[in-house]
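**Q** Have a look at this one.
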């Protein structure tokens with residue numbers, strides 16, 4: 001039987017269940033599923049209350065060549081692993097925000113316990129030739145837990161968020177127990193070359209690993225490779241959706257509501273890493289510095305709420321709402337509202353239509369692993385009249401999207417000046433900048449990302465015979 005691909009992430013999206021929105025990680029894993037028979041493991045989203053009976057053992061949910069295994073979590077595990085250590089310790093530290101990290105030993109224990117729970121569940125399904133691919137910061141220790149159960153399957157990891165320098169990583173309490181466990185993977189993929197260098201230096205400084213060149217490190221008898229694999233999008237699909245959406249009722253209605261005003265668009269989950277307050281302040285500064293643009297432009301910020309149980313996010317919601325109200329109160333007139341702030345999600349088609357309509361895509365996170373909104377905006381543009389991307393230099397996408405106007409989101413006057421430049425840019429320059437970025441996004445789409453990562457995983461040299469066998473199987477599948 002051909003080797004299967006075992007995919008593992010915090011959440012799972014089962015086709016037809018409607019249990020999880022198709023975000024960046026979901027789309028990435030679905031691209032990997034196209035390449036071979038697979039099983040996708042992850043949390044079901046169900047929290048088991050303390051007085052509830054224990055759940056039955058997990059079972060395979062078959063969908064053709066793809067299968068799924070859903071794991072329920074007890075309420076205390078969910079609180080400690082997910083709300084606690086993952087999102088109040090790892091998330092802020094990996095986004096360079098030590099000041100927001102709130103560590104306690106109980107949450108760390110819950111995190112380690114849930115990783116072990118995942119490993120125990122996978123152990124009941126894994127075959128000797130299966131290849132394991134683990135995703136994101138929720139499951140740092142999973143490979144170590146599998147190795148301790150004597151599983152030596154080829155095992156890769158991908159970090160979808162940033163990786164800061166060693167000085168910040170070393171500030172994580174018990175870092176060797178969590179981040180240090182990454183040494184048990186065969187290949188670690190990250191979003192940017194900077195992330196790869198930061199993680200490699202952490203291995204050297206914290207674990208005493210020896211660098212063997214080409215991102216290869218040896219430590220405690222194991223060899224791990226660290227490489228950048230920038231995540232892409234389904235570029236052609238998104239471009240097609242944007243063309244179709246141009247004629248949709250929702251797009252026509254938005255265009256009519258603008259009354260010939262230019263549109264600036266921001267799209268972000270409500271999260272302190274996205275820099276939304278800074279962006280709103282920069283737009284307010286734009287109106288102050290360039291008053292001739294008053295009543296000629298509208299800024300639409302789409303911000304679905306997330307992680308409402310975490311206090312920092314509730315406070316952020318209040319801060320953003322207050323800022324929007326202040327700027328609208330100062331700048332609006334009876335016929336014009338400068339900022340439209342919307343807290344809900346939209347379908348891919350509707351969102352693609354908004355991207356295509358916007359003269360400026362304002363993507364200014366304080367720190368981001370990649371930021372796929374930037375790539376979606378480029379894919380959605382009209383080649384004959386494209387908009388301009390204003391992009392934070394701290395987004396991973398900035399490494400490749402050199403046609404964007406790169407900005408420091410901490411400098412409101414500079415962001416304001418870039419907004420003006422974008423709005424006033426001539427057609428020829430807009431086309432040239434867009435073409436460079438579209439070619440990049442098209443060439444390095446989500447399917448190419450999955451293929452490149454799995455090919456690199458197959459080429460790792462630990463347990464050479466197994467890797468050579470997988471390499472032959474994988475090469476035959478994608479050729």
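The values are calculated or read from the model by the stated rules, or taken from the named source; none is laboratory data. Keep in mind that what you see is a predicted model, and the values were worked out from it rather than measured. Cβ atoms come from the backbone with ideal geometry, glycine included; neighbour counts cover every protein chain shown.
**Q** Considering only residues that are in contact with a strand residue (DSSP E or B) (Cβ under 9 Å, 6 or more places away or on another chain) and not in a loop (DSSP other than H, G, I, E, B), look in the stretch 287-300 and name the one that is surrounded by the fewest Cβ atoms within 10 Å (Cβ to Cβ).
**A** Filtering the stretch 287-300 down to residues in contact with a strand residue (DSSP E or B) (Cβ under 9 Å, 6 or more places away or on another chain) leaves 287, 293-300.
Then keep just the ones that are not in a loop (DSSP other than H, G, I, E, B); that gives 287, 293, 297-300.
On the way: 287: 20, 293: 17, 297: 22, 298: 20, 299: 27, 300: 20.
So the residue we want is 293.
**Q** Next question. Considering every residue within the stretch 355-374, establish whether at least one is assigned by TED's automatic domain parsing to the domain that holds residue 283, surrounded by fewer than 15 Cβ atoms within 10 Å (Cβ to Cβ) and modelled with pLDDT of 95 or more. Explain how you work it out, then say what you get.
**A** Of the residues in the stretch 355-374, the ones assigned by TED's automatic domain parsing to the domain that holds residue 283 are 355-374.
If we keep only those that are surrounded by fewer than 15 Cβ atoms within 10 Å (Cβ to Cβ) too, we end up with none.
Looking for residues that are assigned by TED's automatic domain parsing to the domain that holds residue 283, surrounded by fewer than 15 Cβ atoms within 10 Å (Cβ to Cβ) and modelled with pLDDT of 95 or more, one finds none in the stretch 355-374, hence no.
**Q** If residue 426 satisfies every condition in (1) within 19 Å of the chain's Cα centre (by Cα); (2) surrounded by fewer than 20 Cβ atoms within 10 Å (Cβ to Cβ) but one, which is the exception?
**A** (1)
**Q** If you don't mind, there's one more thing I want to ask. Keeping to the stretch 209-221, report how many residues are touching a helix residue (DSSP H, G or I) at 6+ places or on another chain (Cβ under 8 Å), closer than 19 Å to residue 154 by Cα and surrounded by 15 or more Cβ atoms within 10 Å (Cβ to Cβ).
**A** Counting residues in the stretch 209-221 that are touching a helix residue (DSSP H, G or I) at 6+ places or on another chain (Cβ under 8 Å), closer than 19 Å to residue 154 by Cα and surrounded by 15 or more Cβ atoms within 10 Å (Cβ to Cβ) gives 3.
**Q** Ok, one more. Can you pull out the residues in the stretch 222-250 that are without any contact (Cβ under 8 Å) to a residue 12 or more places away in the chain and surrounded by 16 or more Cβ atoms within 10 Å (Cβ to Cβ)?
**A** Residues satisfying the conditions do not exist here.
**Q** Further question on the same structure: Of the conditions (1) farther than 14 Å from residue 281 by Cα; (2) surrounded by 15 or more Cβ atoms within 10 Å (Cβ to Cβ), residue 339 fails just one. Which one is it?
**A** In the conditions (1) farther than 14 Å from residue 281 by Cα; (2) surrounded by 15 or more Cβ atoms within 10 Å (Cβ to Cβ), residue 339 misses (1) alone.
**Q** If we only count helices (runs of 4 or more DSSP H) wholly inside the stretch 304-410, which ones have 2 or more residues that are without any contact (Cβ under 8 Å) to a residue 60 or more places away in the chain?
**A** 311-331
**Q** Also: Do we have any residue at all in the stretch 446-453 that's at pLDDT 95 or above, under 27 Å from residue 361 (Cα atoms) and assigned to a loop (DSSP other than H, G, I, E, B)?
**A** no
**Q** Looking only at residues in the stretch 138-153 that are part of a helix (DSSP H, G or I) and in contact with a strand residue (DSSP E or B) (Cβ under 9 Å, 6 or more places away or on another chain), which one is surrounded by the fewest Cβ atoms within 10 Å (Cβ to Cβ)?
**A** Per the criteria, the residue is 147.
**Q** Of everything in the stretch 252-286, what is over 30 Å from residue 369 (Cα atoms) and surrounded by 18 or more Cβ atoms within 10 Å (Cβ to Cβ)? Give them in sequence order.
**A** The one that is over 30 Å from residue 369 (Cα atoms) and surrounded by 18 or more Cβ atoms within 10 Å (Cβ to Cβ): 254.
**Q** Need a quick list: strands (runs of 3 or more DSSP E) entirely within the stretch 166-276 having at least 1 residues that are more than 21 Å from residue 138 (Cβ to Cβ).
**A** Here the list reads 216-219, 222-228, 262-267.
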